[in-house]
1. What order, most packed first, do the peptides 95-106, 301-312 have when packing is the mean number of other Cβ atoms within 10 Å of each residue?
2. Could you give the C-alpha radius of gyration of region 253-329 expressed as a fraction of 2.2 N^0.38 Å, taking N as the number of residues it contains?
3. Where Rh is the Kirkwood radius over the Cα pairs of region 63-222, the temperature 20 °C and the viscosity 1.002 mPa s, what D in µm²/s does Stokes-Einstein return?
4. Where Rh denotes the Kirkwood radius from the mean inverse Cα pair distance, what is Rg over Rh for region 302-349?
5. Only counting other Cβ atoms within 10 Å, I'd like K338, K271, K321 sorted with the fewest neighbours first.
6. Taking every DSSP beta bridge with both residues inside the chain, roughly what % is antiparallel (nearest 5)?
7. Diagonalise the Cα gyration tensor of region 27-136 and give the resulting equivalent ellipsoid semi-axes, square root of 5 times each eigenvalue, largest first, whole Å.
8. Once Lys and Arg get +1 and Asp and Glu get -1 on their Cβ, which of F241, T89, N169 lies farthest toward the positive end of the dipole of region 24-362?
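FYI, it's all coordinate maths here, none of it is from the lab. A quick note: this is a predicted structure, and the numbers were derived from the prediction, not measured. Neighbour counts run over all protein chains shown; Cβ positions are idealised from the backbone, glycine included.
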Amino acid sequence: MKHNQSKFTSDSGHRTPDLKQTPLQLGYHFPAEFEPHEATWLSWPHKEASWPGKIETVYKPYCQFIKAVSEGEKVRINVNDEVMKAFATKYLTDIEVDLNKIEFFINPTNDAWCRDHGPAFLINQNTKQKAIVDWKYNAWGNKYPPFDLDDIVPTLIAKEFNLPVFHPNIIMEGGSVEFNGKGTLLTSTACLLNPNRNPQLNQQQIENYLCEYYGVEQILWIDEGIVGDDTDGHIDDTVRFVNEDTVLAVVEENKTDENHELLQHNLKQLKTMRLFNGKQLNIIELPMPDELIYENQRLPASYANFYIANNVVVVPIFQYKKDDVALNIIQQCFPSRKVIGINSVDIIWGLGSFHCLSQQEPLI
């Protein structure tokens, strides 16, 4: 990568304006997940402390996830070294993943949660260029140090692909934001206004960063996350856009469950919202799975932590009767994609699932 002060020139000869300007000023935006992908990015799981006593059990469902996604797009995987690449290749080969669809990159990581530490890809429809935002990352409020390797992954990938990279220099995680691709971003006060992220910023200042660096024009806020979520309330466990004006919102029907009131509060907020185009949100309710406890800890199991790939939507399931109900509701939202449920009982012990583990790279 060649730098001339703050100018950037790619090998292809494209030139972007001064990177001191924000992505919004330059015409970039973050596409919706349901828009076409070039690839899906992952970071191979290796931190045993994230799945204490269970890390060996996550590789099978993780590879099933890769196999499903790779049938419609490339899967690009960060690994620490050649040994980890060989380890991953063996697991993928064992379940007959097409390795021609898999690309490995030696980008060492501390953990596997690529939604939060991976690159936030932007596109510019006018110039047909792609860029990356490298937000700062502190492992959900400095809960799980060290995180120094995860923090620099987006810039490493930008260098690998010779892409412009923007550095807002505030904490932000991909799981905390949800997009409709038409100017609206949905997030939660529980996470983004938590003092363990950006205590120096108020809500309006955070909104300004979101607009300028994700290229959006409207921020919608709900308040609550789900019980057991160590991210302080990521939106990808509660509300997801399935098209530009429709969301799936999780609800807990059991009034004695501690998630019931929290999610009803969110639902009431969603019903009052209007999109950037003036439309009311079309809200489809999605049930929560039954309470899932492991070693006396409630786990943040949610059917909303699905991943939308080009050909499929991969949904975490938990061996409950509600699994089929949730899969049917999600399938109705994605008639052109196949909805696949993959057992996430072991993966959720890491306090996240398929959406938390992945980050899309848009096609331009």
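1. 301-312, 95-106
2. Values: Rg = 14.8 Å, N = 77, 2.2 N^0.38 = 11.5 Å.
Dividing the Cα radius of gyration by 2.2 N^0.38 Å gives 1.29.
3. Approximately 125 µm²/s, per Stokes-Einstein.
4. Values: Rg = 10.2 Å, Rh = 10.7 Å.
Rg divided by Rh gives 0.95.
5. K321, K271, K338
6. Percent antiparallel among DSSP bridges in the chain is about 45.
7. Ellipsoid half-lengths, sorted descending, are 27, 17, 12 Å.
8. The residue sitting most towards the positive pole is F241.
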